[in-house]
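The values are calculated or read from the model by the stated rules, or taken from the named source; none is laboratory data. None of these values were measured; they are calculated from a predicted model. A quick note on method: Cβ atoms are made from the backbone with ideal geometry, for glycine too, and the neighbour counts reach across all protein chains shown. We work out accessible area using only protein heavy atoms, side chains counted, and drop any ligands, DNA or RNA first. Shrake-Rupley method; radii C 1.70, N 1.55, O 1.52, S 1.80 Å.
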Amino acid sequence: MSVKPTRDQLAAAPGSRIPDVLEPGLDVLFCGINPGLWSGALGWHFARPGNRFWPALHAGGFTPRVFDPSEQRALLGLGLGITNVVERATARADELSNEELRDGGRALVEKVREYRPRWLAVVGITAYRVAFGEPKAQVGRQERRLGGTGVWALPNPSGLNAHWSAAKLGEAFGELRQAVIESCEA
């Protein structure tokens with residue numbers, strides 16, 4: 001169900017916020033950088049058609065099929081959720097200041113402490129580096145833990161991130177999926 005926001009919706013989207021898809025005890029809380037204008041206009045995470053989050057989620061083994069952004073609440077039944085480092089919608093992530101990302105990182109730590117997901121997966125390595133003050137962090141499992149929550153950094157699934165093909169994104173999400181399975185078995 002691909003929906004295109006109207007011109008008026010897009011014009012009103014800057015600065016808007018999208019509610020988290022979140023409940024206590026999830027297996028993975030995926031954390032985007034911040035909502036884009038399409039997401040802000042429609043109220044769905046990763047809503048822009050060129051964003052590869054939903055296909056990567058499926059390719060990584062998290063969902064039985066590629067979900068439409070309008071189905072985001074169905075993730076809760078799979079033990080998955082979505083939030084953002086910074087809540088406000090912008091046209092591009094580079095419109096965010098480092099201070100906003102660091103403030104968002106501190107707020108995210110508090111959210112994780114409250115909701116206690118098994119894993120926090122930050123979708124965007126550059127945002128992760130700034131938000132958590134780890135400039136040399138690489139994609140994958142992080143040394144950092146937030147209480148009992150493991151931390152993982154994933155590549156940004158934006159269509160603008162040409163460094164990561166759809167297949168490579170799926171592999172990166174699949175590595176996290178394997179870690180989730182292993183942590184559930186432990």
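Mind checking which aspartates and glutamates have their C-alpha under 18 Å from K111, skipping anything on the same chain fewer than 8 residues away?
Hits, sequence-local ones excluded: D20, E23, D27, E87, E100, D103.
Multiply the residue gap between V66 and A12 by 0.36 nm, knock off their C-alpha separation, and tell me the result in nm, one decimal place.
16.6 nm
Please report the net charge: other residues with Cβ closer than 15 Å to the Cβ of L108, K and R +1, D and E -1.
+2
Normalise the Cα radius of gyration of segment 25-185 by 2.2 N^0.38 Å (N = residues in it) and let me know the number.
0.94
Ignoring ligands, DNA and RNA, what accessible area per residue does segment 25-185 give at 1.4 Å, in Å²?
46
Give the lysines reachable from K168 as a straight Cα distance under 28 Å; neighbours fewer than 8 places away on the same chain don't count.
K4, K136
Treating only the Cβ of Lys, Arg, Asp and Glu as charged (+1, +1, -1, -1), what charge dipole size does segment 25-185 show about its Cα centre? Round to the nearest 20 debye.
Once rounded to the nearest 20, the dipole reads 80 debye.
When the chain is modelled as a GNM with alpha-carbon springs shorter than 10 Å, which of R73, R144, R116 fluctuates the most?
R144
Which percent of the accessible area of segment 111-186 is formed by carbon and sulfur heavy atoms (probe 1.4 angstrom)?
49
In segment 36-186, with Lys and Arg counted as +1 and Asp and Glu as -1 at Cβ, which of these residues, Y128, G104, G147, has the Cα nearest the positive end of the dipole, that is, farthest along it?
So the residue furthest toward the plus end is G147.
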